[in-house]
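What follows is a single structure, written as structure tokens, with notes after it.
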Amino acid sequence: MKKLMSRLLLCGTCLLVPCYVTADPFVAMKIKSFSDTKTPALNFTLKHLDGTTASLQDFSGKVVLLNFWATWCLPCIQEMPDMEKLWREYKDAGLVVLGVSNDDAGKRKRVETFINKVNLSFPILLDPDSTVSELYNVSAIPVSYLIDRNGVLLAKIVGVREWASPEAFTLMEHLLQPQS
């Protein structure tokens, strides 16, 4: 009987531990959320590669993963395929992955070549003068911001993350839940 109780207790503990460890999807991704503030994301307008413009407010009502990157940044290049996987998995559920390229004005063709080579389909905007990067106090890349459906900043993420990981998918599912 003691052996059976010990096994049941051990089994119950195994079931509880994963719930405890992953209870906060931000923590699981090593992201510190801005849980105490309700700071609105600052709006901006930038050009796509094709010359059309997009504003952050165009994505109102969606969860936005705003990523600042450049083609010369190896860590940025490392996380881009994962961002593409995340985008493809959750774009129909209301996620927008929005890349902001910090490449210089004369490097537009390099950005286009990179996007085609890696087969990125999420929106990429050009910030050749770093106007938006300055607006968001970007001092190193890659850096990303999570923005909720109401345009509120949820977190600043400095450095590379594994955006195609189970933890990232759990975070997105948490953020994309219908609001009550």
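Readers should treat all values here as calculations from the given coordinates under stated rules, not as data from a laboratory. Nothing here was measured: the structure is a model prediction, and the numbers come from that model. Because the Cβ atoms are built from the backbone with ideal geometry, glycine has one as well, and the counts that use them run over all protein chains shown.
Taking the Cα atoms of the chain, what is the range of coordinates along each of the three principal axes, in descending order and whole Å?
75, 35, 30
Output ³J(HN,Hα) for the stretch 150-163: one whole-Hz value per residue in order, computed from phi by the Karplus curve 6.51 cos²θ - 1.76 cosθ + 1.60 with θ = phi - 60°, and x for Gly and Pro.
For the stretch 150-163, the Karplus-derived couplings read 9, x, 9, 5, 9, 6, 10, 10, 9, x, 6, 10, 8, 6 Hz, x marking Gly and Pro.
Treating only the Cβ of Lys, Arg, Asp and Glu as charged (+1, +1, -1, -1), what charge dipole size does the chain show about its Cα centre? Round to the nearest 20 debye.
The calculation lands at about 640 debye.
Output wanted: per-residue J couplings in Hz (rounded whole) for the stretch 80-87, from phi through Karplus 6.51 cos²θ - 1.76 cosθ + 1.60, θ = phi - 60°, x for Gly and Pro.
4, x, 5, 4, 4, 4, 4, 4
Lys/Arg Cβ at +1, Asp/Glu Cβ at -1, dipole of the chain taken about the Cα centre: which of N43, L175, S133 is farthest positive-ward?
Going by the charge dipole, the pick is L175.
Report, by chain and number, residues whose modeled amide H sits under 5 Å from the one on F44, excluding near sequence neighbours (fewer than 5 apart, same chain).
For F44, the qualifying residues are L56, Q57.
Using helices alone, I'd like the mean residue ellipticity at 222 nm for the chain: each DSSP H run of four-plus residues gives -39500 (n - 2.57), total over residue count, nearest 500.
Dividing the helical sum by the residues of the chain leaves -11500 deg cm²/dmol.
Could you list the residues of the stretch 33-68 with an amide nitrogen less than 16 Å from a label point located 7 Å from the Cα of D92 in the Cα-to-C-beta direction?
none
Rounding to the nearest 10 and keeping the result within 0 to 90°, find how far the Cα-based axis of helix 166-175 lies from the longest principal axis of the chain.
80 degrees
Have a look at S144, S55, S133 and tell me which one the Gaussian network model of the chain (Cα, springs below 10 Å) gives the largest fluctuation.
S55
Can you give me the angle between helix 108-118 and the longest principal axis of the chain, using Cα atoms only, in degrees from 0 to 90, rounded to the nearest 10?
Result, in degrees: 30.
Amide H of V100 versus every other amide H placed in the peptide plane: which residues, excluding those fewer than 5 positions away on the same chain, fall under 5 Å?
N67, F68, W69, L125
Report the extension gain between S60 and S139 in nm, rounded to one decimal, defined as 0.36 nm multiplied by the number of residues separating them, less their alpha carbon distance.
Here the segment from S60 to S139 would lengthen by 25.8 nm.
What lysines sit close enough to K109 to cross-link, taking a C-alpha to C-alpha distance under 28 Å and skipping anything fewer than 8 places away on the same chain?
Counting by Cα, and skipping residues close in sequence, K109 has these lysines nearby: K47, K85, K91, K117.
Collect residues whose amide H, placed 1.01 Å from N in the peptide plane, falls under 5 Å from the amide H of I157; neighbours closer than 5 in sequence don't count.
S144, Y145, L146
Given R₀ = 35 Å, FRET efficiency for H48-H174 by Cβ-Cβ distance, to 0.05?
The computed FRET efficiency comes out at 0.75.
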